[in-house]
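Note sheet for the following structure.
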Amino acid sequence: MVIGAAFSTIVTAFTQSILQPLINAVTPPSSPGFGIQLVAGKESTYIDVAAVISAAVNFLIVAAVVYFLIVLPLNSLKERRKRGEEAGPAEPTDVELLAEIRDLLRAQQRN
């Protein structure tokens, strides 16, 4: 979880510091960026399309990393276990479970 949050911060910095300026570079020098000004002279009405594109790329990068580093390996492990190539976690036998219950009951009686 912590590593994912840190990675997300790195990707956000990449998209805002590198990708967004590259997108804004295609606009004329008098323009504030790649976007649309709805009301002239009123900065709060500026729709920043470059920020939306950067956020979409940010999401795609994080989603791809999560898929290729977490989902895909777990799915392949599950398939290997289905085919019997790799053993899953060992299940305790009935005797082991009964012995554990007996030991717990003895411990409770002593207290």
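Every number in this text was worked out from the coordinates using simple rules, so none of it is lab data. Not measured: the values here are computed from a predicted model. Quick reminder, even Gly has a Cβ in these numbers, built from the backbone with ideal geometry, and neighbours come from all protein chains shown.
Just so you know, the Rg over Rh for segment 1-64 is 1.09, from Cα atoms, with Rh as the Kirkwood radius. Amide H contacts for Tyr46 (H built 1.01 Å from N in the peptide plane; partners 5 or more residues away or on another chain; cut-off under 5 Å): Leu38. For the chain, taking Cα atoms only, Rg and Dmax work out to 27.7, 84 Å respectively. Available extension along the chain between Ile18 and Leu60 is 13.5 nm, counting 0.36 nm per residue and deducting the alpha carbon span. Relative contact order of the chain, taken over Cα pairs closer than 8 Å and 6 or more residues apart, is 19 percent. Rounded to the nearest 0.05, what FRET efficiency do Glu96 and Leu74 have when you use their Cβ-Cβ distance and R0 = 22 Å? It comes out at approximately 0.20.
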